[in-house]
1. Using a 10 Å cut-off on Cβ to Cβ distances, tally the other chain neighbours for every residue of A:37-48 and report the average as a whole number.
2. Once label points are set 7 Å from the Cα along Cα→Cβ at both B:Asp821 and A:Arg73, what is their separation, rounded to one decimal in nm?
3. Taking B:Lys474 as the anchor, which lysines have their alpha carbon closer than 19 Å to its alpha carbon, excluding any fewer than eight residues away along the same chain?
4. Points 7 angstrom from Cα along the Cβ direction at B:Ser450 and B:Leu4: gap in nanometres?
5. List every residue whose amide H lies under 5 Å from the amide H of B:Ile690, counting only residues 5 or more places away in sequence or on a different chain, with H placed 1.01 Å from N in the peptide plane.
6. Once both labels are modelled 7 Å past Cα along the beta-carbon direction, what's the B:Phe569-A:Val39 spacing in nm?
7. Give, as a single signed number, the net charge of other residues whose beta carbon lies under 13 Å from the beta carbon of B:Leu588, with Lys and Arg counted +1 and Asp and Glu -1.
8. For chain A, what is the calculated [θ] at 222 nm in deg cm²/dmol (nearest 500), taking -39500 (n - 2.57) for each run of four or more DSSP H residues and dividing by its residue count?
Amino acid sequence: MSDLLSPDAIDAGIESLDYVTVMIGEQMLGLPIRRVHDVFITHAITLVPTAPAEIVGLINLRGRVVTAICLRRRLGRPAEQRRDRQGNVEWVAIGIDHGRESYALIVDAVDEVMRLPPTTLEPAPAHLDPLWATVATGVHRLHDRLLVALDVDALLDFAMPAAA
Amino acid sequence: MDELLQEFLTETGENLETVDRELVRFEREPNNRDILHSIFRLVHTIKGTCGFIGLPRLEALTHAAESVIGRFRDGANVNAIAVTAILETMDRIKDILSELADKGEEPVGSDEVLIGELRTLAELARTELSKAELGGIGPAALDAAQAESDAIEAGFADLEMTSVEPISTADALAAYLARHKAAVAAADDDDGLDLCFRAAPEPARGRDGRIEAPSRPEGASPAPSEAKPASPTLRVSVDTLEHLMTMVSELVLTRNQLLDIARRQTETELKTPLQRLSLITAELQEGVMKTRMQPIGNAWSKLPRIVRDLSGELGKRIDLVLDGGETELDRQLLDLIKDPLVHMIRNCADHAIELPADRLARGKPAHGTIRLAAYHEGGAVTIQVSDDGRGLDLTRIAAKALAQGVINEAELDRLSHTQIARLIFHPGLSTADSLTAISGRGVGMDVVKSNVDAVGGVIDIATSSGEGTTITVKIPLTLAIVSALIVVSAGQRFAIPQIVVRELVRVTAGSDHRMETINGAQVLRLRGSLLPIVVLSDAMGVSPGSEDGFIVVTQIGEQRFGILVDGVFHTEEIVVKPMSSKLRHIPLFSGNTILGDGAVVLIIDPNGLARFVGAAVTRQGAVEDRHDGDPEVVRERDTLLVFRAGAATPKAVPLSLVTRLEEVEAKDFQHGSGRTMLHYRGRLVPVQTIGGAVLRSAGLQPLIIVTNGTMTLALAVDDIVDIVEEVLDLEVMASDDGSVIGSAMIGGRATDVVDLATYLPAHLSACGSGSRMVTDTVARQGILLLEPSDFLREMLSPVLKASGHRLAAVASVAEAREAVDESMAAILLDLDRDLQGTLASIAAIRERSPAVILGLTTMPTPELQRVAAEAGIDLVIGKFDRRTLLAALAEHDSGWRRAA
């Protein structure tokens, strides 16, 4: 079933699979560490009116404008707002490059960095939500929970309406 | 000197230098493919460019050299003679180039001898090649080869005639030596090869009867790359420059942020270094911008030639005056305006300038003048194309515009001369009497205008009959950094490019300047004219704010409209960053930027926003559509109500079908006999749920009220989301239960379009839903709508189409007569604009169609009713009485069906 693995998984597959793990509700998700160039918290997102629902807005990341994509919405879940101790809205973001552009994946929380042997990666179960199935490279069974490994390219490759 | 020539010399000089280095190796390894290849490339490039800028001598020479080197590159053996010949050719090219650089024109002279020799070499090489191919094939082939070489010898015989003195035809070497006999005589007579090499470094200057040796600059190096260009240039790839530009942009942003921080702190030691940083950054930015700048003259270097050729073709005498060619412009923009410029100049030459005889008859000089001027003006470059020709024929433009339905007569009456002249920017309007090869193919000034629009520029025209026309194009200096007005709307800041902003008007409710509403469309009365208003927050799909704020009066070409914003901050130089590919489809924004305080701000695309202006834009759309030749594929914007019901996918219905939106306490519902009813406005109305929506048992229940003439229905949904305007691109994909027609991208999301017909009782559904077009297997009957007002036509069209009819909408009585046919079920005629004309045409329409004729008016007075009835109109209906109209249509529709 190795053909289910994305190039990400195969490239890194010799030694180990390294993930930055993030949380969406109670679900733990893994993003290949090679693709993650930043983890940051932002308090300012410029909303883009009439943008697709998956897109939260635009963030100034050290002088670069990055497009923030809500991982919850991307995975078909309702978006949630997170507040810091002062009650201000904040966003936890993972900086990722895709194509020649920069994106920020908005997640609920960032967990630890995990190094897992490639042999523990199992194909995603057949009955997984089709939306999830297109973006998951597989599932790792950890001792207390499941880690769904995500394919960053598939994640950022959602259909866009043709330019008007 | 000609810019093009200068560029050619610089480029060729650089290439020659490379080849010079290789030539040294070439002598040692004459058969090295790489060297041959780079020489070939140089010669080829020069040849190509020469032909283009008209240097016949160089062209002939390089052409001959190219064929020889080409053969060698193909595998022919390079002998000593060939080496010498090629070296000499290179020297000759250098000579010509250096003289060209000095005098700006090709020196007079003949290269016949050298060319003849090169030809001979080429023939020899070809024979050699073909022999190699044919090697051992058979006597016949060899014979053929022999015949060929005979022919070559004949060629030599020719050469002999032209050469200095007769020599042995078979010996090219001898021929060569004979020609160079001065050099040969001086040299020791060792062997031929040696002679060749000794002869080679001494270029053949001063031979061939060339005129006086040019005064060459000191240093006497023949390479023009050293001799000519005043300041050394360096070729840098555009990518490198772009990257540099990006980095400087970032630096500017960072500096802005620092300044912003420093401003908030009093007396810090940061101040002085920061000021320095600020200055340096500004200088750096300017410097980098300069690398992207090129004189606009580069874009018009081809023009004199074009005009000269055109004059010849057209039998006109035209002078082209170029002014301000040194005006600098971003090279990206330069590329974009090149073609429009050529187009405008061609137009001038073709249409504007009269024939010499005509000009003399009018007391003008026989020579027409086209003037092209460029100059900087307030952060923008203004380019003017003017001529002293006949001026635009406004009568003909008006007639053409009328004929093509761009405007109607009533509108025409209101237009000033300038406005009529501006009609030439409309798509598809070409006034040339006959199509010529030069211009007038129906794509004309509208293309120029759209090119100018695309770079955020503006175009205008002024004309005076018999005296000439001036077209003024104003374009920004660069696309990378623009001056923008920062505004706020619904709590969010946006940037509007300054170039389109005309003025700012403060509006407050109750004051002189206040927003007014005409039939739902917001307008501002500004100095006696009505300015259509786009409420920015509406366009953004955010709930509308207050009516107080600022109107940013915007002008794009001839179109003027106001943008209502809540507040205006200041003007700022912003660095334009492109939109992410995921957001590029949104027409409202052209890019984004980071402001001094670090906030990301969206840059509004005024062209995109202009789509939200009703009539003025749709008129243009209508014209374009007519040119598509198929009125059925009109891409109109429909207003849709988006809501949620059950599934996550949002649903939508055309707003035109919705009577009202309500929120009702769930306890008000009355349940009985399997149905839910609602006491609503004195009537019992059935309540139905749409899709998977669940009827709430407590709290407020959102309802969509649909009325259908006589029947009212309340449709329960989970949530009303939005009202959006969208070009409905419906992908038909009916659901199993038929409740969904298909889906479309609405507001960037896939949305199911609901078929209201499934919820309405069957006998009433005729006017209930646009879905009938899709669901009915029999094509629906057509409706003809005659409505001269663009705005009203646009307003009525969706309603009528939604009623399930094929719609043909026309603007004039004449068009209506054209369009009417037997398949029409109903003909709707406007009675406001031209009552007599319309009534007079009824008889003619009656003849051609059995359809019911309905009169539409804003004021259905009894008098009008009577006159209309006498003229044969079946029913007069108020224009805004949509319900009666639909009911009447439904009634006559079913009547028509029964009859059928």
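1. Shielding by partners across A:37-48 averages 3.
2. It works out to 4.6 nm between the two label points.
3. Excluding near neighbours in sequence, the set is B:Lys338, B:Lys449.
4. 2.8
5. The list, which skips near neighbours in sequence, is B:Ala716.
6. Taking the simple label geometry, B:Phe569 and A:Val39 are separated by 3.3 nm.
7. Residues close to B:Leu588 contribute a combined charge of -2.
8. Calculated from helices alone, the mean residue ellipticity at 222 nm is -2500 deg cm²/dmol.
Readers should treat all values here as calculations from the given coordinates under stated rules, not as data from a laboratory. Keep in mind that what you see is a predicted model, and the values were worked out from it rather than measured. Here Cβ is always computed from backbone atoms with ideal geometry, including for glycine, and neighbour counts include all displayed protein chains.
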